[in-house]
Amino acid sequence: EAGVTQFPSHSVIEKGQTVTLRCDPISGHDNLYWYRRVMGKEIKFLLHFVKESKQDESGMPNNRFLAERTGGTYSTLKVQPAELEDSGVYFCASSPFLGGAYEQFFGPGTRLTVL
Amino acid sequence: GENVEQHPSTLSVQEGDSAVIKCTYSDSASNYFPWYKQELGKRPQLIIDIRSNVGEKKDQRIAVTLNKTAKHFSLHITETQPEDSAVYFCAARPTGNQFYFGTGTSLTVIP
């Protein structure tokens, strides 16, 4: 079974530019999560999709971040315009179950560097 | 919201020794506590988890203990091996579906 995939693995952009990250969850997983880890800190929740609907976007830092999951399959996270503090590793995770105590399967992450 | 603290941030042990990583949480509603291991350049992977109705769980050389009263849980790795070297993250899940993670522990096992 293929795991969660993310593209690109690395992205280096200048402040003010736009970047779009993509996540392909495990096939059949309705739940898709975005997390971010800023260097040395915790992995922090950004938002949660159930199929194509945003279930919880309480962790999104501000309106420069836009997440979509059209059709309920892959998801994109766009940062526009990027700021220095947006640098970090962006993880995507997926899970087949809603609620309860279940594993979330993580992708390898996209390392974003904003110069 | 939930706040998870993790200690130590770095840990070095000799091969064959034990390693212990400790986490505390603040939200008494948390009922699921997974531990993830992230090897260099790889994705975080679940290595063990525990639910709030259980006090201890073991899987070969790895064990997790949970003290609900004190709101802390710990990861224990016995007979450490070089391949145990990685960053370990604890997490807690209160109500809702998101995980709250600790800041990670970088474990180095010295051959």
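The numbers here are math on the coordinates, done by the rules we state, and not lab data. Every value quoted in this text rests on a predicted model; they were computed, and no experiment measured them. Every residue, glycine among them, receives a Cβ derived from its backbone with ideal geometry; neighbour counts consider all protein chains shown.
Scan the strands (runs of 3 or more DSSP E) fully inside segment B:46-111 and keep the ones with 3 or more residues being over 13 Å from B:TYR36 (Cβ atoms) and either of a type in the set (A, V, I, L, M) or without any contact (Cβ under 8 Å) to a residue 40 or more places away in the chain (or both).
On the way: elements: B:56-59, B:62-67, B:72-77, B:86-92, B:105-110.
Output list reads B:56-59, B:62-67.
Look at (1) under 26 Å from B:ALA92 (Cα atoms); (2) surrounded by fewer than 14 Cβ atoms within 10 Å (Cβ to Cβ); (3) of a type outside the set (Ser, Thr, Tyr) and you find that A:GLY107 fails only one, number (2). Suppose the filter is touching a strand residue (DSSP E or B) at 6+ places or on another chain (Cβ under 7 Å), on the phi < 0 side of the Ramachandran plot, among the small types (Gly, Ala, Ser) and facing another protein chain (nearest Cβ under 10 Å); does B:SER18 pass it? It is false that B:SER18 is touching a strand residue (DSSP E or B) at 6+ places or on another chain (Cβ under 7 Å), on the phi < 0 side of the Ramachandran plot, among the small types (Gly, Ala, Ser) and facing another protein chain (nearest Cβ under 10 Å). Residues in segment A:60-90 that are β-branched (Val, Ile, Thr) and touching a residue at least 40 places away in the same chain (Cβ under 8 Å): A:THR73, A:THR76, A:VAL79, A:VAL89. Within segment A:43-59, the set of residues being within 13 Å of chain B (Cβ to nearest Cβ) and either out of contact with any helix residue (DSSP H, G or I) (no Cβ under 9 Å at 6 or more places or on another chain) or of a type in the set (Asp, Glu) (or both) comprises A:ILE43, A:LYS44, A:PHE45, A:LEU46, A:LEU47, A:HIS48, A:LYS54, A:GLN55, A:ASP56, A:GLU57, A:SER58, A:GLY59.
Would you pick out the residues in segment B:23-58 that are more than 17 Å from B:ASN97 (Cα to Cα), touching a Leu at 6+ places or on another chain (Cβ under 9 Å) and either crowded, with 17+ Cβ neighbours inside 10 Å or among the small types (Gly, Ala, Ser) (or both)? Working first, answer last.
Step one: list which residues in segment B:23-58 are more than 17 Å from B:ASN97 (Cα to Cα), which gives B:23-24, B:37-45, B:47-48, B:53-58.
Still in the list and also touching a Leu at 6+ places or on another chain (Cβ under 9 Å): B:23, B:37, B:47-48, B:54-57.
Residues satisfying the conditions are B:CYS23, B:LYS37, B:ILE47, B:ILE48, B:GLY55.
Quick one: in segment A:60-115, which of the residues that are of a type in the set (Phe, Trp, Tyr) and within 29 Å of B:SER30 (Cβ to Cβ) is farthest from the other protein chains (Cβ to nearest Cβ)? Spell out how you get there, then give the answer.
From segment A:60-115, those of a type in the set (Phe, Trp, Tyr) are A:65, A:74, A:90-91, A:97, A:102, A:105-106; that's our starting set.
Filter once more, so that each one left must be within 29 Å of B:SER30 (Cβ to Cβ): A:65, A:90-91, A:97, A:102, A:105-106.
Values: A:PHE65: 16, A:TYR90: 12, A:PHE91: 7, A:PHE97: 9, A:TYR102: 8, A:PHE105: 8, A:PHE106: 4 Å.
Result: A:PHE65.
In the set (1) closer than 23 Å to B:SER26 by Cα; (2) within 15 Å of the chain's Cα centre (by Cα); (3) not aromatic (Phe, Trp, Tyr), B:THR69 fails one condition alone, (2).
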